[in-house]
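Okay, structure first, notes after.
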Amino acid sequence: MHILTFQNALDIAEHFEGLGKVVQVDERTFPDGEVLVRVPEAGPVVVLIARLYPGVNDSVFKLFLALDALNDMGVGRIVVVAPYLPYARQDRRFRPGEPISAKALLKTLANLSVGALVAVDLHKPYIADYVPRVAVRNVYPAEEFAERLKGIDAVVSPDFGSLHRAEAVARILGVPYTYFEKYRDRETGAITLMPRRDLELRGARVAIVDDILSTGGTLVDACKAARTLGASEVYAAVTHCQLLKDAREKVKSCVDRLVCTDTILNEFAEVKVGPLLRREVEKLL
Ligand code: R5P
């Protein structure tokens, strides 16, 4: 078996050593922006590891090209490992005429003979069922987050969409969990975040759990709401930390401790997903 990896995923591929021969994909970018890849060698079974962020569009297109090459080389079984699956926030058609980008991406992988995809914390778990031809394994590092959040009194999701994450972490820690609901004051237009269930946060050490930290707005709003409700400390566990614009400063202004995974590399990426991804791939093979 071959463990084929793009350069930006070499650190993840290290965790796959012993499972197959680790081979790096050659990558080039031409002056006009076009990309080219070359697969030096491949056997009948290939696990292809690709970080699809940053440089989303180039990374996705390089993945497509590598997959096409693998098809031409006659590879029989292809498993893609994409720690962060981009385009997943467009998981629905929000306006007529829009695509469901997450489905389009999976369909393309299916058309390129990908049999399985292993990813970390899909934006919405139901994305995994969009294209049945690709067996999608959605890995959530609940244990790893919980280990780093010991001593927490409650876990809060910034919205309903992340409640399953808060639940997974809270169950391991044996603490209550809830999510914030937005209330708009009809007169002033001011927005207040309130815990959905009647959960007392006064004096509590609270952990906010979410999948993506992009500009930091969602996390910081949730953090401020927790503080307004009396939280004594606020931690955050976010899977994919993009930390765009002034997100670092925003987070620092409210959050006591931020824990991210290394699906996207940054200074808060304490949780290494390589071992989890390997375990999932081993189950598939
Ligand atoms: C939203 O559905 C996601 O789960 C995140 O809460 C959101 O993408 C975070 O974005 P930002 O950091 O820009 O608020």
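Compute the length gained on full extension between Asp32 and Arg133: take 0.36 nm times their separation in residues and subtract their Cα-Cα distance, giving the result in nm to one decimal. Let's see the in-between values first.
Working: separation 101, 0.36 × 101 = 36.36 nm, distance 3.50 nm.
Taking 0.36 nm per residue and subtracting the Cα distance, the gain is 32.9 nm.
By how many degrees, between 0 and 90 and to the nearest 10, does the Cα long axis of helix 101-111 differ from the longest principal axis of the chain?
Relative to the chain, helix 101-111 is tipped by roughly 20 degrees.
How many nm separate the modelled label positions at Asp256 and Arg89, each set 7 Å beyond the Cα in the direction of the Cβ?
Between Asp256 and Arg89, the simple spin-label model gives 2.9 nm.
Output wanted: per-residue J couplings in Hz (rounded whole) for region 248-262, from phi through Karplus 6.51 cos²θ - 1.76 cosθ + 1.60, θ = phi - 60°, x for Gly and Pro.
Values per residue, Gly and Pro as x: 4, 5, 4, 4, 4, 6, 9, 8, 6, 8, 10, 10, 10, 9, 9 Hz.
So for the pair Lys124, Arg148, with labels modelled 7 Å out along Cα→Cβ, what separation do we get in nm?
Output for this residue pair reads 2.7 nm.
State, to one decimal in nm, how far the label point of Leu265 lies from the label point of Lys224, with both points 7 Å from Cα in the Cβ direction.
Placing both labels 7 Å beyond Cα along the Cβ direction yields 3.4 nm.
Counting only GluC sites (Glu not before Pro) that sit in a DSSP loop (anything but H, G, I, E, B) with at most 11 other Cβ atoms within 10 Å, what is the longest stretch of the chain containing none of them? Write down the numbers at each step before the final one.
Details: sites that count: Glu34, Glu41, Glu187, Glu267.
Between exposed loop sites, the widest span is 42-186.
Pop out the ³J(HN,Hα) list for region 159-165 in order, Karplus 6.51 cos²θ - 1.76 cosθ + 1.60 with θ = phi - 60°, rounded to Hz; leave Gly and Pro as x.
For region 159-165, the Karplus curve yields 7, 5, x, 9, 4, 5, 6 Hz.
Figure the gain on full extension for Asp198 and Asp159 (residue separation times 0.36 nm, minus the Cα-Cα span) and round it to one decimal in nm.
Details: separation 39, 0.36 × 39 = 14.04 nm, distance 1.52 nm.
Gain in length upon complete extension: 12.5 nm.
Just to be sure I understand: of the beta bridges DSSP finds with both ends in the chain, what percent are antiparallel, rounded to 5?
Details: 9 of 53 bridges.
So the antiparallel bridges amount to about 15 percent of the total.
What is the sum of charges around Asp26, taking Lys and Arg as +1, Asp and Glu as -1, for the other residues whose C-beta is under 14 Å from the C-beta of Asp26?
Values: positive: Arg28, Arg38, Lys62; negative: Glu27, Glu41.
Charge balance near Asp26 sits at +1.
Pick out, from Ser214, Thr178, Ala231, the residue whose Cα sits farthest towards the positive end of the charge dipole of the chain, with +1 on the Cβ of Lys and Arg and -1 on the Cβ of Asp and Glu.
Thr178
In region 1-131, if the dipole is taken from +1 on Lys/Arg beta carbons and -1 on Asp/Glu beta carbons about the Cα centre, which of Phe94, Phe16, Leu109 is farthest to the positive end?
Phe94
By how many nm would the segment from Asp185 to Asp246 grow when fully extended, if each residue of separation counts as 0.36 nm and the alpha-carbon distance is taken off?
On the way: separation 61, 0.36 × 61 = 21.96 nm, distance 2.80 nm.
Extending this stretch completely gives an extra 19.2 nm.
Quick one: of Lys62/Lys150; Lys245/Lys272; Lys103/Lys224; Lys107/Lys150, which pairs are farther than 30 Å apart, Cα to Cα? Show your work: numbers first, answer last.
Working: Lys62/Lys150 40 Å; Lys245/Lys272 24 Å; Lys103/Lys224 35 Å; Lys107/Lys150 40 Å.
Violating the 30 Å limit, Cα to Cα: Lys62/Lys150; Lys103/Lys224; Lys107/Lys150.
By how many degrees, 0 to 90 and rounded to 10, does the Cα axis of helix 274-284 deviate from the longest principal axis of the chain?
So the helix axis and the longest Cα principal axis differ by about 60 degrees.
Using modelled amide H (1.01 Å from N, peptide plane; none on Pro or chain starts), what sits under 5 Å from the amide H of Leu213, excluding residues fewer than 5 places away?
Those qualifying (amide H under 5 Å, at least 5 residues apart or on another chain) are His240, Cys241, Gln242, Leu243.
All of the numbers you see were taken from the coordinates with simple rules; none came from a lab. These numbers were taken from a predicted model, which means no experiment stands behind them. Cβ: placed from backbone, ideal geometry, glycine included. Neighbour counts: every protein chain shown.
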